[in-house]
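Peer 1: The structure follows.
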Amino acid sequence: MNRKIHLLVIRDIMARRFQFGALAIIIALGIAIFVSMTVAFTNAERSYDRTYEATHFADFSVEVAQAPESAVDEVRELANVKAVEGRVVMDTGLPVDENRLVQARLIGLPADRRAAVNDVIVESGRYFEVDERAVVLPLGKFADFHGYESGDTLQVYTLEGLKPLTIVGTVSSPEYLLMAESKQDLLPSPRRFGVFFVPNAYLQELFGMQGQVNEVNVLVESESEREDTIAAVTGLLEPYGVQQTVRQEDQPSKATTELDLESGREFAVLLPTLVLVIAAFAIYIAMSRLVRAQRTLIGLFRGVGYGKGSIVVHYLLFAVVVGVVGGSVGAAAGYGLGYLLTGLYADALAIPLIAHEFQLMPIVISVIVSLAVALVAAAAPAWAASRMLPAPAMRPSPEVALAKGSVPFVERIFGLGRRPPLLVRLGVRNIWRAPMRSLYTVGAIALAAILLVVGLSSFDSMDFIMDRQFEKTDRWDVAAAFWSPQDDQTLAEINGLTGVREAERLYLTPAELRVDSKRTNIELMAVEEDTRLHGFDLGGGKTTGEALGEGGIILTLGVADQLDVGVGDSLDIATEVGISSLVVSGVSREFTGGLGYVSLATKDELGLGDGFNAVWLETTSPSADAEVQAALYRLPGIQGVQVKEDIRDDWREQMALFNVMAGVIVAFCMVMAGAIVFNTMTVNVLERERETATMRTLGAGRPSVVLMLATEGLTFSLLAILPGLALGTIAASYLIHTWSSEFFTMWFHMRTTTYAMIAVVIIVAALVSTIPSIWHSNRMNLAEATKVLA
Amino acid sequence: MSDETRTAGEKGRSEAAGPLLLEMRGVSKIYETGQVQVRALDGVSLALQGGELVVALGPSGSGKTTLLNLVGGLDRPTAGTIRYGDTDIASLSDGDLGRFRRDHIGFVFQFFNLIPTLTARENVEFAAELVSHDSRQMEERVEELLRLVGLEERADHFPSQLSGGEQQRVAIARAMAKDPNILLCDEPTGNLDFRTGQQILGLLQKLTGEQGKTCVLVTHNTAIAGVGTRIVRLRDGRVQSDERSANPLPASEVEW
């Protein structure tokens, strides 16, 4: 059988290049998202793994008050311990200029060899030399942010005052790919916090810990026996005041990046699936229309002897072209975008060992999926084409194009009074004319609205939550932490500082909460019973004083959810001084997870240190914050000082990046909504070419036709907007809720202006994509078009 | 303009018919398809007068549809003038051509070209709305036309619920809704059975005879030429003959 009819495929596609182009674009969008995100997240995952492997990232770490180095040697002898490293970890202050200090975490590394666990990767300069002392390796991202280079000298606060450290290089660390101070540090920024590696022996000397360590990092032989090893190690270190055991997956940087990857992977499948379902519908509609338009041609093909199989193959070839073009463009664009995203991601997190590896699988999957989507969508129209009988198909009949007329229900309802103008009636009936096509169009536009709500609400919600956090929860202006517990004399001294209106005492200590088999690490904060500088949102009518006064513990929502406990439940709390039981006296709706609050009196009952080791301050004015911060750093024993406005500034800076992402989401959704409306309107207008030409022949002016088509495009978008916004809100609320973790709790929030903006974006996209149809209608040859049969 | 065409044009006039409505002088239309030029009309001169039922006859490719398109302002001539009153419609802009069609021309198509989502009444209303701003007057006009074509009982039916003949009657009512001076019918019986075709021809005779409308009916069916008051034969883009009939056949006597 001659297969020359298949050559017509390319010609037909070229004749309808814009329509097929729009179909290919929708497929390309879906594939591009899938490929780019898959490539980027796989690269990121491999980059992490490579970094973790190269640096012997600890399987778990045990924090102790102070343990002799000999204890580390004993740990090394335990079963399943592959490698162990004991070190000193100290938080202190580091002045970056005359008035500004950052919180510096000094971490000890062996100078005479590389660390067997939690090593670093030298990015610039060199590693320590044997017996080197006052030298430092800051994290590269901190050095870059502040402009430090090898040879520069840093000053850090020690028990003996400021001590100089000379930079010999910059490094990256598996523990600080995300440079978070703790799980509670949700807005890490080198403006406030830095990590510095110092020869361990010198660090011991600086902080009076000669021969002692306060952290033991362990690498195990067998992952499956890790829990037994943890039990053995903590048991061995118990006499030295075990404060916290952190498993690799709970380590702040690892846990956060893993969460990031996990949500990214889900998104990389969910979003393209939705887009490709839309693409399938669009192809089905376009192919059905093509088969109808080529009815007489199909009759001719069948008449001259082409079999059903040839006709099916012929129309499936259209799908193959769309699938291959869309899939290839999408895969190529996605791959490029994926590399770009990998670079951006690696840059943002300063991942040292970037794995830009060629990934064949996303391309293979893309090719298969795009072809499958196109073929499945075109199967029914191709089958319908093959079933046409030659004689009836070739006979031109006006009945072919004659749609069944009816007065839609909605018109009956709204037309009970005065009948709407004819053009409006026409617009409404045109939408009801092909209900499935219209439903698809409305559904697809609604999906674009849903994606916009989901995409933009995350920014709005974060903004809202941050506002809430900074205004209602954190009511302090400046917070400071001390190395060791302080007495009332220090409090009086702080209260006497210029610019301080009021100081509240705090006691911070790491703790582990246990309920049955569930456990989580938190930062326990002992606060004043009548605290003014922290706002609890307890609900249920209980006041902060009542909740704290009962001797119980207030948990943040994230912790309560994780442990599955509520008010009145009991839990065990393990601190440096032992294990006690507490009753949950309140659950506070706060963004930050991983926190538990008790009163200072309860803290004393738990047997924790006397006095306080941190303060919240209210300053007299925002302009006093910097002055207060500088004054606090001059106090002996100060560990770190945070200014709330600085944290807020960091947040705003991060939001600026989010705004770029929001722009990308808006652009993506506009292109998708535009391509969908364009496709439907093109099919609608082509199908009604004769009608439109007749209207114009009768004397209806171009504005009337423009009005009719624009009304149709507008109606599609208006019908889609409300359900889109409503479903988007439900989906976003659910998604945002699922993003909540032990680290933070999220709530859905979206501004009215954002809803309005989405509505405008959808309407604009729909109207703009109607322009080609309007242009076509205005340019048609009326004499010919009035004779068109389908 | 050649003497031959002037003569042909002048020959077309008759004192017995109404006033001169439209006059084509030396009209040519050349279509360029790639490198090939197709001369669809070649120096045609023709005058249309009120109350005429002009049957334009000719085989396929003779230029009859092109003639209809030019008279109806759907296309512009390559050469020559087409005067309607004082206006040369060949020189009008697209917008003005649209207004010309709206105000003066009614179209009846072979495939009826009704808007399928509008009922019979609404199809007629659509055209009436284009020229009337008085809704009461418009409604009366629509009812009157539906009565004229015998479809007052079927007015609320959609085209898909009407037979071919009924659809064409709606199309005629729609064409008349604007009260045009000229009615252009392109093979109006081409898609109808014989009996229904007779009814449509009778209706067109009624409109020209009783209402004084000028109707140009284009067909390749020589059998129906007899219903016209004037028969214009076209061949190869030229007017081969232009004859008047003092006694046109009643539509009921036409057979094909």
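The values are calculated or read from the model by the stated rules, or taken from the named source; none is laboratory data. Everything quoted here is computed from the prediction, not taken from an experiment. Backbone-built Cβ (ideal geometry, glycine too); neighbour counts: all protein chains shown. These area figures cover heavy atoms from the full protein model, side chains too; ligands, DNA and RNA do not enter into them. Shrake-Rupley method; radii C 1.70, N 1.55, O 1.52, S 1.80 Å.
Peer 1: Somewhere in the range A:738-754, is a residue away from every other protein chain (no Cβ under 14 Å), of a type in the set (A, V, I, L, M, F, W, C) and in contact with a strand residue (DSSP E or B) (Cβ under 9 Å, 6 or more places away or on another chain)?
Peer 2: Yes, some residue in the range A:738-754 is away from every other protein chain (no Cβ under 14 Å), of a type in the set (A, V, I, L, M, F, W, C) and in contact with a strand residue (DSSP E or B) (Cβ under 9 Å, 6 or more places away or on another chain).
Peer 1: Could you tell me whether any residue of the range A:501-509 is surrounded by fewer than 16 Cβ atoms within 10 Å (Cβ to Cβ), out of contact with any Lys or Arg (no Cβ under 9 Å at 6 or more places or on another chain) and without any contact (Cβ under 8 Å) to a residue 40 or more places away in the chain?
Peer 2: No, the range A:501-509 contains no residue that is surrounded by fewer than 16 Cβ atoms within 10 Å (Cβ to Cβ), out of contact with any Lys or Arg (no Cβ under 9 Å at 6 or more places or on another chain) and without any contact (Cβ under 8 Å) to a residue 40 or more places away in the chain.
Peer 1: Could we say that residue B:193 is on the phi > 0 side of the Ramachandran plot, touching a helix residue (DSSP H, G or I) at 6+ places or on another chain (Cβ under 8 Å) and open to solvent by 40 Å² or more (accessible area, probe 1.4 Å) here?
Peer 2: So residue B:193 fails the test.
Peer 1: Next question, about the same structure. Scan the range B:107-124 and tell me whether some residue there is in a strand (DSSP E or B) and within 12 Å of chain A (Cβ to nearest Cβ).
Peer 2: Yes, that holds for at least one residue.
Peer 1: Moving on to the next point. For the range A:510-543, which positions are among the polar types (S, T, N, Q) and in contact with a Gly (Cβ under 8 Å, 6 or more places away or on another chain)?
Peer 2: Matches in the range A:510-543: A:520, A:521.
Peer 1: Mind checking which residues of the range A:208-250 are assigned to a loop (DSSP other than H, G, I, E, B) and loosely packed, with under 13 Cβ neighbours inside 10 Å?
Peer 2: A:208, A:210, A:211, A:222
Peer 1: Could you say which residue among B:173, B:177 is crowded, with 22+ Cβ neighbours inside 10 Å, under 19 Å from the mean Cα position of the chain (by Cα) and more than 12 Å from chain A (Cβ to nearest Cβ)?
Peer 2: Unique residue meeting the criteria: B:173.
Peer 1: Next question, about the same structure. Any idea which residue in the range B:128-151 is nearest to the other protein chains (Cβ to nearest Cβ), counting only those that are open to solvent by less than 80 Å² (accessible area, probe 1.4 Å), under 23 Å from residue B:205 (Cα atoms) and without any contact (Cβ under 8 Å) to a residue 24 or more places away in the chain?
Peer 2: B:143
Peer 1: Consider the range B:196-215. How many of its residues are surrounded by 23 or more Cβ atoms within 10 Å (Cβ to Cβ), among the hydroxyl-bearing types (Ser, Thr, Tyr) and in contact with a helix residue (DSSP H, G or I) (Cβ under 9 Å, 6 or more places away or on another chain)?
Peer 2: So the answer is 1.
Peer 1: Here's something else I'd like to know. Please state which one of A:529, A:550 is over 35 Å from the mean Cα position of the chain (by Cα), modelled with pLDDT under 90 and not hydroxyl-bearing (Ser, Thr, Tyr).
Peer 2: Of A:529, A:550, the one residue that is over 35 Å from the mean Cα position of the chain (by Cα), modelled with pLDDT under 90 and not hydroxyl-bearing (Ser, Thr, Tyr) is A:550.
Peer 1: Output the residue which, of all residues in the range B:220-245 that are over 22 Å from residue B:110 (Cβ atoms) and of a type in the set (Gly, Ala, Ser), is modelled with the lowest pLDDT.
Peer 2: For the range B:220-245, the residue satisfying everything is B:245.
Peer 1: While we're on this one: Report the residue count in the range B:216-242 for those that are open to solvent by 90 Å² or more (accessible area, probe 1.4 Å) and assigned to a strand (DSSP E or B).
Peer 2: Residues meeting the conditions: 3.
Peer 1: Kindly establish whether residue A:348 is at pLDDT below 80, within 30 Å of residue A:41 (Cα to Cα) and among the aliphatic types (A, V, I, L, M).
Peer 2: The answer is yes for residue A:348.
Peer 1: OK, next. Limited to the range B:104-127, what total is found for residues that are of a type in the set (Val, Ile, Thr) and either more than 17 Å from residue A:708 (Cα to Cα) or open to solvent by 10 Å² or more (accessible area, probe 1.4 Å) (or both)?
Peer 2: The total comes to 4.
Peer 1: Considering only residues that are part of a loop (DSSP other than H, G, I, E, B) and aliphatic (A, V, I, L, M), look in the range A:99-127 and name the one that is most open to solvent (accessible area, probe 1.4 Å).
Peer 2: A:116
Peer 1: What is the residue count in the range A:460-487 for residues that are farther than 20 Å from residue A:538 by Cβ and of a type outside the set (Asp, Glu)?
Peer 2: The total comes to 12.
Peer 1: Being at pLDDT below 85 and away from every other protein chain (no Cβ under 13 Å) is the filter here, so list the residues in the range B:180-194 that pass it.
Peer 2: Answer for the range B:180-194, where residues must be at pLDDT below 85 and away from every other protein chain (no Cβ under 13 Å): B:193, B:194.
Peer 1: Name the residues in the range B:56-103 that are open to solvent by 50 Å² or more (accessible area, probe 1.4 Å) and either facing chain A (nearest Cβ under 9 Å) or assigned to a loop (DSSP other than H, G, I, E, B) (or both), would you?
Peer 2: B:59, B:60, B:61, B:76, B:78, B:85, B:86, B:93, B:94, B:99, B:102, B:103, listed by residue number.
Peer 1: Mind listing whichever residues of the range A:671-695 are touching a Leu at 6+ places or on another chain (Cβ under 9 Å), more than 12 Å from chain B (Cβ to nearest Cβ) and either open to solvent by 10 Å² or more (accessible area, probe 1.4 Å) or among the small types (Gly, Ala, Ser) (or both)?
Peer 2: The answer is A:671, A:673, A:675.
Peer 1: Considering only the range A:696-712, I want to know if a residue exists there that is touching a residue at least 40 places away in the same chain (Cβ under 8 Å), buried (at least 20 other Cβ atoms within 10 Å of the Cβ) and not in a helix (DSSP H, G or I).
Peer 2: There is no residue in the range A:696-712 that is touching a residue at least 40 places away in the same chain (Cβ under 8 Å), buried (at least 20 other Cβ atoms within 10 Å of the Cβ) and not in a helix (DSSP H, G or I).
Peer 1: While we're looking at this one, here's another question. Check residue A:130 against each of (1) touching a residue at least 40 places away in the same chain (Cβ under 8 Å); (2) of a type in the set (Val, Ile, Thr); (3) surrounded by fewer than 17 Cβ atoms within 10 Å (Cβ to Cβ) and name the one condition it does not meet.
Peer 2: (1)
Peer 1: Filter the range A:593-607 for residues that are open to solvent by 10 Å² or more (accessible area, probe 1.4 Å), touching a residue at least 40 places away in the same chain (Cβ under 8 Å) and either touching a strand residue (DSSP E or B) at 6+ places or on another chain (Cβ under 6 Å) or under 28 Å from residue A:635 (Cα atoms) (or both) and give the result.
Peer 2: Those that are open to solvent by 10 Å² or more (accessible area, probe 1.4 Å), touching a residue at least 40 places away in the same chain (Cβ under 8 Å) and either touching a strand residue (DSSP E or B) at 6+ places or on another chain (Cβ under 6 Å) or under 28 Å from residue A:635 (Cα atoms) (or both): A:595, A:600, A:601.
Peer 1: Right, something else. Go through the residues of the range B:38-55 one by one and say whether even a single one is within 29 Å of residue B:231 (Cβ to Cβ), among the small types (Gly, Ala, Ser), without any contact (Cβ under 8 Å) to a residue 40 or more places away in the chain and more than 10 Å from chain A (Cβ to nearest Cβ).
Peer 2: Looking through the range B:38-55, at least one residue is within 29 Å of residue B:231 (Cβ to Cβ), among the small types (Gly, Ala, Ser), without any contact (Cβ under 8 Å) to a residue 40 or more places away in the chain and more than 10 Å from chain A (Cβ to nearest Cβ).
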